[in-house]
Structure formats: structure tokens, C-alpha cells
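What follows is a set of notes on a single structure, which appears directly below.
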Amino acid sequence: MEWFRQHIVGVFVHYINIIFMFALMAICYQIEDFNYLYITLIYLLFIIFYLFYTGVLNTGFKKFVFLLIALATLVFFSFIFKDSILDFFYEEIVLNITSINSQLYNGELTYFYQYKPIITLALPLILIILFTLYNSKITEGILFLSLLEMAFFWYLEYEEGVVRLLLPFAIISVMTYMLNNYKKTMMQFHKKGIYASISGRKIFANILIFSIIAGLISLPLPQDFEGKDKLSIFESLNGKGKKSFGKTTIELATKEAFHLSQTGYSNTEKMLGGPIKLNNALAFKVRSDKSYYLKGSVKDQYTGYSWRNTVEDLKSFKSGISPEAERVWRNYATVDLFPASSLKEITIYPVSLKTSSFMVPMYTNNINNYEEDIIVGEDRAIFMWKSIIEKEYTVEFYDVDYSDQGEDSYGVYHLQNENYNKYLQLPPGVTERTVDLVYDLVKDATTTGEKVEIIRDYLSDNYTYTLDASVLPEGKDFVDYFLFEDPKGYCVHFATALTVMYRIAGIPARYVEGYKMNDASMKEGLYNVTNDTAHAWVEYLVRDNIWAISDCAPTAFEENLRLEEEKKEEEEKPSAEPKEEKKRREGKSKY
């Protein structure tokens, strides 16, 4: 304990700086549910270990033997459990870093559980270096690290987070410097036999007061200098800096547009598949008469390993005119496909979902409370605002379903309409066996409707839902790998395969991301839409300019409900009858 008594100031100063650095990271990287108690626990465990190492192991020989045994043990267990260690490193470190980078690149929220394994490994190593320097009388190591982190985030243009913590940084930095130098001076005096009679508490109080004053002085100084690149180190490394504030409404809207990765899925614009961990955080609430598919994003280009959007269809939205319905009215002027009786409303109350995309059903006609600066993707029928949507909005839409009114053959009109070519696009990497499978499935189908059902039922009946999906091997086509080599995955796998297979069958189709409401989540007249109801599905062309939904996979929420129901039924199932009783009962039933 002698070491602790001598260095209690250093232990305190290091802890305050460590907490500050994680607070800065949590603000800049928008880390939800950051657990400072976990950081404190790691720090306390390290201090206990360091007390043991410097106190109990008080000779060089003891330390050498301890390190030798520790190293040998580490090598032994690393060899025995090498596969598990490699799996852990890949799944918990590499995949989390990839996911974090993708989310930061898109300006999305990140979550503490993604950082937890990284922090668990990195923080003890950082503390070892800092306390080794501190023991060697290099006390400014922690101060330099804090300053480096502030400069790092400023360089990446997280000005808001840096400025927000500028005052605490100034106070902590001045206090750290003065306390460290006070301690060094006292130790030098003690070596010379000089002992101060001044109370340590008074000195600490004076240092604290001076630090606060010095911090307050920093506030009037200019703080509007911009850094080099914005939002994430991933973006910085790719040389894609954000533009300044002089942006158009469309640029502002697309910056915060909805991606499935905002809910815990991998970024489908970067790489499809891989294991994921979803949380059941409440994204938003919906007041509605029933459950609906609510779309936030539509993509048309399949690359073989990701989905992208090539459609340039964004323009200012004229409230009260559904872009889908308007095109249908032009084509079917004599047919009332959107009767007034089908017009409905739902109201959405955002909670944790941070996006500029409105979550809307098909055939949305109007969005209230956000009449100005609404951007519409006319072809995809998606809606966005100029910034993150925070207040509730009411969506007016036509509740119609024309999935049973498909043409017997698209033949003529989709070939003549270039607008549908992108929804038939296939990359060169689509394999021959994928094409053969689709042709074999639909060879006896006589109508488009039959093709739609056959392909959808084939996927839902023959493939397994799981969040623990494999990472796509390099050079493999995602759909081929799912269909023939690893037949399990989540909604992204099913929706991607369904879209591609429809296109092979000659059916224009597009990939959709959003949320699927569920009746089981209704409470007090409101649907609680959580991240485990985030979903991917398909919209396919029924007739010219008329689309319908096709879905062959559950949401994670629905899958959990199914598993719970199966478990409940299994528990309620009566135990097997004794053989004698069964024979006796069967014997009686013969007469």
C-alpha cells in the first residue's frame, strides 16, 4: 500500500483524464448507453494488479519470475484456444471496427457494446504504458494523450464535441499539470530531507480554483476554426471530407438518410451479410389502425456484394400528390385504383431513430407537420427532410394492395419503358447455377403472379433465419453463396436473393429497407417500433407503375416471438404416456 499512498495523486489524475477522454469519444462518435462504470471497473482492477506488481513483487527477481510465468501461461492458453481466440478477435474486434467505421462514415449512432471488447483489450495496455512512464517520473504522459485526442477529433472536424468539452479539458489539463509538478517537487524535497508544513488539502483547493479560472479564460477565445475532415476516421482515410454549410436542401437531406445499419445491421452499401447483433431500442411509436410496412430506403443496383442507389429522382415534394398515385392516374385515367375510401392516416413519433427519412407506407399522399423542404424520390416513393426528423408527423396514404392484379406477362411494356431497366439489372457475377435454379422453379408458371409465389415460397421453405450469418468470402457472389453454400441468414439475405431471382425471372424488382410493424408490439393504442423490427423486403412491379410488396423472411422480433411460442408449447406438452396405459387404452378402443 506504500506505493498507493505515495502515488494517490497520480492515480486520481489518471482516472479523471481517462474518464474525460472516453466522454469526448462518446460525444463525438455518438455512442449510445456509454458505460462509465465499466471503465471504472477496468481501471480499479488495473490499479489492484499494479499494486500487487509494485508492492508484493518488490524485487527485480520476483517481477521477472512473475512475468515469465504469465508469459508462459499466455502462450500455453493461446495455443490451446487459438481457434476461439481468433474467432473472438475477428467477430468482436475486426467486425465491430468495420461496423463502427461504416456507421461513423454515414453519420449514424454507434453503441457501447460495439466498443466494449475493443476497450477491454486496449485500455489495460494504455494504462500499462502510462503508469510505466509515470513510475519513470514522466508524469505528462496522460496529459499528452488527452491533448492528442482533442487534436485528433478537432482534425476530423468534430468541432461541436471538442468545443463542448473545451472548458472541462482546460480545467483538467491545468489541474493535471499542477498536481503532477507539485508531487514531483515534494518528492525532490523529501529526498533532501525537507518537509512542507502546508496542508495538502489547501494546496489541492488552490490548484482546483486556479484550474477553473484558467479554464474560464479559454471560453472567450476563438473556437470556430475547422479541422481537416469530418465525421469519421474511416471517411478521413478515404479522403471524403464533408462539405461546408452551404448545402442545398437535397444534400442536407441525403446526408442523414435512412440506412439499415442505423438499427444494428451491417451497412448494405458496403458489404452484405456477416453476423449482427440487434438491440430492441425503441426507434419510434406509431398511432395506426393496423400494422404496415414502413419504408425508408429503396435501392436498385446489386453489385454482387452490396446494394446501391443509382436513381437521381430527388426533387421538392408537392404535398397532397402521391408520386406513385399520380403516375398511375396518368396511365389508368378511366380506372379508379385509388378510391377516397382507401385514404388513411398514421402518426409517427420519433424516439431514438435519428434520420432525415420519413418512415412511410406505400402510396404516401401527404406528410403533415413538415410541409416545407420535403424532398421526394419520385421513382422510389421515398421522402426526406432537410435534417434529422425530431417531431411527430402524420402520413396520409392510400391503403391499397394490387398484388393479385399482375399481368400475365410484362413482355412489351417494361421493355419499352427504360424506367424499369434498372430494376432488371444484374451484375456479371450472377452465377449460372443461380439462373438455372430460377428457370427450373418457374418453368411451369404461366403468369407473373405464379412466378412471384413460387420463388417466394421456395426461399421461405428451404432457408433458415439466423442473425449469426457467415461473412461473405472474397470473390463470391452474395446470392449464390446464400443459395448454394450457406443457406442461412437474415432479412437482408432473403430480400437480396428474392430481388435477384425475380429479376432473373423477368420481373422488375427493387430492394427496400425500413421497418415492419407488429401487432404484438401495440401498447395503449400505439405501436412500439423497435430496432429488432427493422427489416428488408422487396417491391415488385405488378402492372405499369403499380408495385406490390413481397417478403419471405421474418423480422428478428417475429422470429423471437416464434421461438418463444415453440418453447411455451414444448413446456405445456404433456409427458409421454406409460406404454402399459397406452396399450390398455388402445385395447379398449377396439370394441
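The values are calculated or read from the model by the stated rules, or taken from the named source; none is laboratory data. Treat the numbers as computed from the prediction; the structure is a model and nothing was measured. Cβ atoms come from the backbone with ideal geometry, glycine included; neighbour counts cover every protein chain shown.
In the set (1) closer than 30 Å to Glu269 by Cα; (2) of a type in the set (D, E, K, R); (3) modelled with pLDDT of 80 or more, Arg164 fails one condition alone, (1). If we scan the stretch 499-506, do we find a residue that is at pLDDT 95 or above, among the polar types (S, T, N, Q) and closer than 19 Å to Tyr292 by Cα? There is no residue in the stretch 499-506 that is at pLDDT 95 or above, among the polar types (S, T, N, Q) and closer than 19 Å to Tyr292 by Cα.
Of the residues making up the stretch 523-552, those that are surrounded by 24 or more Cβ atoms within 10 Å (Cβ to Cβ), among the small types (Gly, Ala, Ser) and more than 20 Å from Val500 (Cα to Cα) number 1. Take the conditions at pLDDT 70 or above and either closer than 17 Å to Thr533 by Cβ or surrounded by fewer than 13 Cβ atoms within 10 Å (Cβ to Cβ) (or both) and apply them to Ala257. Does it pass? Judged against the criteria, Ala257 is not a match.
As a summary of the residue check, Thr139 satisfies the conditions (1) touching a helix residue (DSSP H, G or I) at 6+ places or on another chain (Cβ under 7 Å); (2) part of a helix (DSSP H, G or I) except for the one numbered (2). In the stretch 66-82, the residues that are assigned by TED's automatic domain parsing to the domain that holds Gly55 form no Cβ pair under 6 Å with any partner that is surrounded by 10 or more Cβ atoms within 10 Å (Cβ to Cβ) and of a type in the set (Phe, Trp, Tyr), whether six or more places apart or across chains. If we keep just the residues of the stretch 508-565 that are among the aliphatic types (A, V, I, L, M) and out of contact with any strand residue (DSSP E or B) (no Cβ under 7 Å at 6 or more places or on another chain), which is farthest from Val351 (Cα to Cα)? Only one residue tops the list, namely Ile546.
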